[in-house]
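J.: Here it is, the structure, as structure tokens.
The values are calculated or read from the model by the stated rules, or taken from the named source; none is laboratory data. What you see is a predicted model; the values in this text were computed from it and never measured. Glycine also receives a Cβ, built like all others from the backbone with ideal geometry; neighbour counts cover every protein chain displayed.
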């Protein structure tokens, strides 16, 4: 099934098999952002349909509340939120990581890393707990879905 897996959309037998394989301990609690524009919301919707079922070797899990603006993998959860505000840490002199044509602002937090895309119609935020190293690995798996679904901002000419 293409797109982000959704437990309610699969058969009961498959849900039981997933539960037995330990794909997470229930839904990850994630606050959905409010996209800044209609174009950002459309991009986030397209991204939700293109997200991988497995991210850096970790299976997807549901989020609570369920939203196409959020996704999670692993336990503790690697969390994606699409349509977030521009991070306050972003400055003209900020060092960015470019991973497969996607620019990310890295922010070291107490619990791990928060990466936010820069220069796209919708900002995509990915939080990676300290448990997962190197923390940038999930960004590699997300690069293709992001480049295919979230357009770059048009530069002023």
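J.: Quick one: residue 48 ticks every box in (1) under 27 Å from residue 26 (Cβ atoms); (2) part of a loop (DSSP other than H, G, I, E, B); (3) out of contact with any helix residue (DSSP H, G or I) (no Cβ under 6 Å at 6 or more places or on another chain) except a single one, so which number is it?
T.: (2)
J.: Something else about it: Check off (1) under 20 Å from residue 33 (Cβ atoms); (2) over 13 Å from the mean Cα position of the chain (by Cα) for residue 101 and give me the number that stays unchecked.
T.: Unmet condition: (1).
J.: Oh, and also: On the given criteria, is residue 89 touching a strand residue (DSSP E or B) at 6+ places or on another chain (Cβ under 7 Å) and under 15 Å from residue 44 (Cβ atoms)?
T.: Against the criterion (touching a strand residue (DSSP E or B) at 6+ places or on another chain (Cβ under 7 Å) and under 15 Å from residue 44 (Cβ atoms)), residue 89 does not qualify.
J.: Another question about this same structure. Given the criteria modelled with pLDDT of 90 or more and either over 24 Å from residue 148 (Cβ atoms) or outside any loop (DSSP other than H, G, I, E, B) (or both), does residue 8 qualify?
T.: No.
J.: Related question: How about segment 32-44: which of its residues are surrounded by 17 or more Cβ atoms within 10 Å (Cβ to Cβ) and at pLDDT 95 or above?
T.: Passing the criteria: 32, 33, 40, 41, 43, 44.
J.: Can you list the strands (runs of 3 or more DSSP E) found entirely within segment 76-157 that contain at least 1 residues being closer than 25 Å to residue 65 by Cβ?
T.: Here the list reads 78-84, 102-109, 112-117, 123-129.
J.: Oh, and also: Can you tell me which residue within segment 130-142, out of those that are touching a strand residue (DSSP E or B) at 6+ places or on another chain (Cβ under 6 Å) and surrounded by 17 or more Cβ atoms within 10 Å (Cβ to Cβ), is nearest to residue 35 (Cα to Cα)?
T.: The selected residue is 139.
J.: Something else: How many residues does segment 107-126 contain that are without any contact (Cβ under 8 Å) to a residue 12 or more places away in the chain and under 12 Å from residue 89 (Cα atoms)?
T.: Qualifying residue count for the region: 1.
J.: How many of the residues making up segment 53-90 are surrounded by 19 or more Cβ atoms within 10 Å (Cβ to Cβ) and within 22 Å of residue 105 (Cα to Cα)?
T.: Residues meeting the conditions: 15.
J.: Say whether the condition of being touching a helix residue (DSSP H, G or I) at 6+ places or on another chain (Cβ under 8 Å) and touching a residue at least 60 places away in the same chain (Cβ under 8 Å) is met by at least one residue in segment 130-139.
T.: yes
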